[in-house]
Amino acid sequence: MSACIGSAGRVIGIDLSEAMVTAARAQCRADNLFFERGDITQRLLLTDKLADVVTGFMVLHNLHLECMRVMFGEVGRVLKSNGCAVFLTMHPDAFEKHWDVILLAMLAAYAG
């Protein structure tokens, strides 16, 4: 990812686990690639309107609805006004009808 954004861009990886952050720092190295420990259900130490893109992988199915609301609010805070957020999950719970309705409602609520 860091090679795709050019020398002026930055990629910031955030994980709750210090062990994952340590492993990422050891395995993935580039001058514009940074890893920080953080809880996406809390305010992140990132400035407002910092990011062009926010991605999440295999995280949504681990969050309770209220934590998901906080997380999407935080995504909205750090995204630039023309930014984009993409979340991927392949967990079986993501394909249950009720979960899909909740997710779509959350995305619609925070899309603006």
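The values are calculated or read from the model by the stated rules, or taken from the named source; none is laboratory data. What you are looking at is a predicted structure, and each value in this text was computed from that prediction instead of being measured. Neighbour counts run over all protein chains shown; Cβ positions are idealised from the backbone, glycine included.
Hey, can you tell me all the residues within segment 38-54 that are under 13 Å from the mean Cα position of the chain (by Cα) and loosely packed, with under 14 Cβ neighbours inside 10 Å?
Gln42, Arg43, Asp52
Can you tell me which residue in segment 63-112 is surrounded by the most Cβ atoms within 10 Å (Cβ to Cβ), limited to those that are β-branched (Val, Ile, Thr) and modelled with pLDDT under 60?
Per the criteria, the residue is Ile102.
Please go through segment 11-33 and pick out each residue that is crowded, with 16+ Cβ neighbours inside 10 Å and either in a strand (DSSP E or B) or in contact (Cβ under 8 Å) with a residue 24 or more places away in the chain (or both).
Once the filter is applied, which keeps residues that are crowded, with 16+ Cβ neighbours inside 10 Å and either in a strand (DSSP E or B) or in contact (Cβ under 8 Å) with a residue 24 or more places away in the chain (or both), segment 11-33 yields Val11, Ile12, Gly13, Ile14, Asp15, Leu33.
I'm trying to understand the selection: among the residues of segment 45-68, which are part of a loop (DSSP other than H, G, I, E, B) and either touching a residue at least 60 places away in the same chain (Cβ under 8 Å) or under 22 Å from Thr89 (Cα atoms) (or both)?
Taking segment 45-68 as the starting set, the residues that turn out to be part of a loop (DSSP other than H, G, I, E, B) are 45-50, 58-59, 63-64.
Those that are part of a loop (DSSP other than H, G, I, E, B) and either touching a residue at least 60 places away in the same chain (Cβ under 8 Å) or under 22 Å from Thr89 (Cα atoms) (or both): Met58, Val59, Leu63, His64.
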